[in-house]
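Asks: Okay, handing you the structure first.
The values are calculated or read from the model by the stated rules, or taken from the named source; none is laboratory data. These figures come from a predicted structure and were not determined experimentally. Heads up, the Cβs are rebuilt from the backbone with ideal geometry, glycines too, and the neighbour counts pull from every protein chain shown.
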Amino acid sequence: MSRRHGEAQVHAWRRSYDVPPPPMDKTSEYFQSFMNDPKYAEIRNDLPVGESLKMTVARVVPYFYSQIAPLIKAGKRVLISGHENSLRSLLMVLDGISEDAIPDLNIPTGVPLVYHLDENLNPLRHPEAISPLSGIYLGDSDEISTKIAEVKNQASTAESTSAV
């Protein structure tokens, strides 16, 4: 993808707040396999074919406050798993990360990130948190740093696996 569109454009699509990628080509094999999968039958017409982080925030944050926040306030421990942009959107809101700073947030794949929240769902900053986050990644700090760097470099190594 970077070879075709340039690293700066791919970085904007992958990391910016309000620049969505071009819509997925509806003739793409990826789009067709999704459209033909019966498990998505009830929602397929409601899903975007391209999504910026801003669009993800509009989808994820209301769900967090309506479905997950009540569980946390009731004293439950909650595990949230999702793709990077859904997690970035939630962390952007919880940690108050600005639209200008969010492109630099790279979340390592498969590394647990633990947050403790106060009674108003404000994050309690862990002393070993990696700024701008308040939570702490679990695991070896050198391995986590390597994984963060891998995510950061994805746009420059991404190849044409996309329908763009």
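Asks: Name every residue in segment 79-93 that is surrounded by fewer than 18 Cβ atoms within 10 Å (Cβ to Cβ) and among the aliphatic types (A, V, I, L, M), in order of residue number.
Replies: The answer is L79, I80, L87, V93.
Asks: Next up: Which of (1) surrounded by 15 or more Cβ atoms within 10 Å (Cβ to Cβ); (2) in contact (Cβ under 8 Å) with a residue 24 or more places away in the chain; (3) assigned to a loop (DSSP other than H, G, I, E, B) is the odd one out, the single condition I130 does not satisfy?
Replies: Every condition holds for I130 apart from (2).
Asks: Output the residues belonging to segment 66-77 that are under 30 Å from W13 (Cα atoms) and exposed (fewer than 12 other Cβ atoms within 10 Å of the Cβ).
Replies: Result: S66, Q67.
Asks: Hey, can you tell me all the residues within segment 61-93 that are part of a helix (DSSP H, G or I) and within 13 Å of the chain's Cα centre (by Cα)?
Replies: In the first step, residues of segment 61-93 are kept if they are part of a helix (DSSP H, G or I); the result is 61-73, 84-93.
The answer is V61, E84, N85, S86, L87, R88, S89, L90, L91, M92, V93.
Asks: Quick one: what pairs do we get from segment 1-12, first residue assigned to a loop (DSSP other than H, G, I, E, B), second at pLDDT 80 or above, C-beta under 8 Å, 6+ apart or different chains?
Replies: M1/V10
Asks: Sticking with this structure for a sec: Of the residues E119, E143, only one is in a loop (DSSP other than H, G, I, E, B) and either more than 30 Å from H5 (Cα to Cα) or at pLDDT 95 or above (or both); which?
Replies: On inspection, the qualifying residue turns out to be E119.
Asks: Right, here's the next one. Residue by residue through segment 94-110, note down the ones that are in a loop (DSSP other than H, G, I, E, B) and surrounded by 15 or more Cβ atoms within 10 Å (Cβ to Cβ). Working first, answer last.
Replies: Within segment 94-110, the subset in a loop (DSSP other than H, G, I, E, B) is 96-101, 105-110.
Across segment 94-110, the qualifying residues are I97, L105, N106, I107, P108.
Asks: Restricting attention to segment 26-60, report how many residues are within 22 Å of the chain's Cα centre (by Cα) and charged (D, E, K, R).
Replies: 5
Asks: Filter segment 133-151 for residues that are among the aliphatic types (A, V, I, L, M) and surrounded by 11 or more Cβ atoms within 10 Å (Cβ to Cβ); which is farthest from G110 (Cα to Cα)?
Replies: My answer is L133.
Asks: Would you pick out the residues in segment 28-58 that are among the basic types (K, R) and exposed (fewer than 15 other Cβ atoms within 10 Å of the Cβ)? Even if it seems obvious, please write down each step before you answer.
Replies: Of the residues in segment 28-58, the ones among the basic types (K, R) are 39, 44, 54.
Selection gives K39, R44.
The rows are residues; the columns are (1) at pLDDT below 85; (2) touching a helix residue (DSSP H, G or I) at 6+ places or on another chain (Cβ under 9 Å).
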residue: S2; (1), (2): yes, yes
residue: Q9; (1), (2): yes, yes
residue: Y17; (1), (2): no, yes
residue: F31; (1), (2): yes, no
residue: L47; (1), (2): yes, yes
residue: T56; (1), (2): no, yes
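Asks: While we're looking at this one, here's another question. List every residue pair whose Cβ atoms sit under 9 Å apart, with the two residues 6 or more apart in sequence or on different chains, where the first one lies in segment 133-161 and is farther than 27 Å from V93 by Cβ and the second, anywhere, is outside any helix (DSSP H, G or I) and at pLDDT 90 or above.
Replies: Filtered contacts from segment 133-161: E143/P108; E143/V111; T146/P108.
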